[in-house]
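Participant: Before anything else, here's the structure in question.
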Amino acid sequence: MFPSAHRKPPHPVDIYVGKRLRLRRKTLGLSQADLGKQVGITFQQIQKYERGTNRMGASRLWEFAQALQVPVDYFFDGYKKDEGNAECATLENTLLESRETQTLIRAYYEISDLKLRKTIVGLIRAIADDAT
C-alpha cells in the first residue's frame, strides 16, 4: 500500500485557515509565487497551505499575517466549531472569492479620498435598496 493511502484528510481548521490565506492573497492581488517569495517558500507550498493539506505552525502563520498585513486572528475570523467542517461555503465567502469582487475591492482601496469612498458605498447601498 502507498504511504499516501494512510494519510488523514486535512483538519477543518487547516482548510478554513487556508481559504482565508487564499482570500487575503487574492484581495491584495498577489500570486502564490509573490507571497512565497515574501515568506521564503515555493508557490507549491503556498498551494498546499491554501488547500489545508499542509498545516501551518505558529511562526509560519505569523509570517503570513505580516506579509498580508493582517492580525493573526484574521485567519480564524468567522470559523464556527459547531459547523463541523470548513467546507461550509457561505454566500459571503463565495462572493468574497469571486474575481469581480476582488477587482471591485482593489479599485475601491485605490481611491485615496476617504470621503469619496464613503460616498461610493452610500451610492451602492442606495442602488441595492432600489433594486430590492
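Participant: Filter region 18-40 down to the residues that are without any contact (Cβ under 8 Å) to a residue 60 or more places away in the chain and surrounded by 18 or more Cβ atoms within 10 Å (Cβ to Cβ) and list them by number.
Facilitator: Gly18, Arg20, Leu21, Arg24, Arg25, Gln32, Leu35, Gly36
Participant: I need a count of the residues in region 55-73 that are surrounded by fewer than 17 Cβ atoms within 10 Å (Cβ to Cβ), in a loop (DSSP other than H, G, I, E, B) and not small (Gly, Ala, Ser).
Facilitator: 3
Participant: Still on this structure: Hey, can you tell me all the residues within region 35-54 that are assigned to a loop (DSSP other than H, G, I, E, B) and over 17 Å from Glu97 (Cα atoms)?
Facilitator: Gly40, Ile41, Thr42, Thr53, Asn54
Participant: Kindly establish whether Gly29 is in a loop (DSSP other than H, G, I, E, B) and under 20 Å from Gln69 (Cβ atoms).
Facilitator: yes
No value in this document is a laboratory result; all are computed from the given coordinates. None of these values were measured; they are calculated from a predicted model. All Cβ positions, even for glycine, are placed from backbone atoms using ideal geometry, and neighbour counts span all protein chains on display.
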